[in-house]
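Worksheet: one structure, shown below.
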Amino acid sequence: MSDKITTHAAEEDARNEDLQIWLNGRCVPKAEALVSVYDSGFMLGDGVWEGLRLYNGQWAFWDEHFDRLFEAAKAIDLDIGMTRDELYSALLETQSANDMTTDAHARLMVTRGVKTRPFQHPSLSRQGPTITIIMEHSQPKIPRPIRLATVPHIRGLPMTQDPKLNSHSKLNCILACIAAEKAGADEALMLDVHGFVNTTNACNFFIVRKGAVWTSTGDYCMNGITRQKVIDVCRADGIPVYERNYSLVDTYGADEAFLTGTFGAQTPVSEIDGRQIGTGEMGPVTKRIRALYKALIEARA
Ligand SMILES: Cc1ncc(COP(=O)(O)O)c(C=O)c1O
């Protein structure tokens, strides 16, 4: 495996070769965790998902993740067919089947299920939904500052596949990521429909200017749970934080920039479009926010 810098780089862990995966009601060995080629998720990207993290025996902010999942399923008119408690029990069952207590990452996916014919209409999904939980031992690498490139792919308006939906079809984000890689960067910085800086292809985006933390208004980007926690810890700790429109000019001139997401918590940014950000290393405000976020997780464990 390459040692490319990404926001989702984890230490190699041999135990991940031998996992139990929850699939439609029971845990099965990874090699047997197979889904039909007729599955709506495989065929059309018709599904929604959540990424959750286990810290010290607790699934961090699992209630917020479940809120977002059930809301997304309702929005795409997909009946999960399980209560929140049943789904949470499935998460715990998978955790226990894999003997995990901390530093694990779960990808909980719900698709519209298996179709009778290989066509788009949702009514063709007659067996389902398909629900699966992939749970891996996962120790994020100490974050090395990453490089971003602004790409032509934008975050669209909510009437065109609302960018707040954590859907299986991530093609817009994947195209953005490919464009960033071709430009020599690690991840894509995406603008909104007005040209304001919005988010990256897989994480939310923040800058720090003169001690104040800025992020986008929240329109056009994923309503990231880590994003909200960062805003909350800043407010609680007296760090000025603004959800506002800002441009690439503000961004290139920032003292610090960082990304947020469940997997990597806060990942520093060294360079954007060939411009070094601050010193190019993780800055003091990012360090402080990382410590506050860690303390928040520990307080809930
Ligand atoms: C496009 C995008 N932005 C941001 C995030 C981060 O969200 P969270 O902090 O809830 O993990 C995700 C995670 O799924 C995402 O897919």
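Computed from the coordinates by the stated procedures, all read-outs in this text should not be read as laboratory data. Remember, it's a predicted structure, so these values are computed and weren't measured experimentally. Methodologically, a virtual Cβ is constructed for each residue, glycine included, from the backbone with ideal geometry; neighbour enumeration extends over all protein chains shown.
Sequence-distant contacts, meaning Cα pairs under 8 Å at least 6 residues apart, place the relative contact order of the chain at 19 percent. Between L108, L87, L165, the residue with the greatest mean-square fluctuation in the GNM of the chain (Cα pairs under 10 Å linked by springs) is L87. For the range 14-137, the C-alpha radius of gyration sits at 1.05 times the compact-globule guess of 2.2 N^0.38 Å, with N the residue count.
Length gained on full extension, K210 to R26, computed as 0.36 nm times the residue gap minus the Cα-Cα distance: 61.1 nm.
Between helix 284-300 and the chain there is an angle of about 30 degrees, using the helix long axis and the longest principal axis of the Cα atoms. Computed from Cα atoms, the angle from the helix 171-182 axis to the main principal axis of the chain rounds to 50 degrees. The C-alpha atoms of the chain define a longest principal axis, and helix 84-97 lies at about 90 degrees to it.
Taking 2.2 N^0.38 Å as the expected size of a compact globular protein, what ratio does the Cα radius of gyration of the range 82-240 give against it, to two decimals? List each step's numbers first, then the result.
Numbers: Rg = 18.8 Å, N = 159, 2.2 N^0.38 = 15.1 Å.
Working it through for the range 82-240, the quotient is 1.25.
Along its first, second and third principal axes, ordered by size, the range 152-301 spans 37, 33, 24 Å in Cα coordinates.
For the chain, what does the helix formula give at 222 nm: sum of -39500 (n - 2.57) over DSSP H segments with n ≥ 4, over the residue count, nearest 500 deg cm²/dmol?
On the way: 7 runs with 80 residues, N = 301.
Taking each H run of at least 4 residues, the total per residue is -8000 deg cm²/dmol.
Only Lys, Arg, Asp and Glu carry charge here, each on its Cβ (+1 for the first two, -1 for the last two); on that basis the range 146-300 has a dipole of about 300 debye about its Cα centre. Computed from the C-alpha gyration tensor, the three semi-axes of the ellipsoid equivalent to the chain are 32, 23, 18 Å, from longest to shortest.
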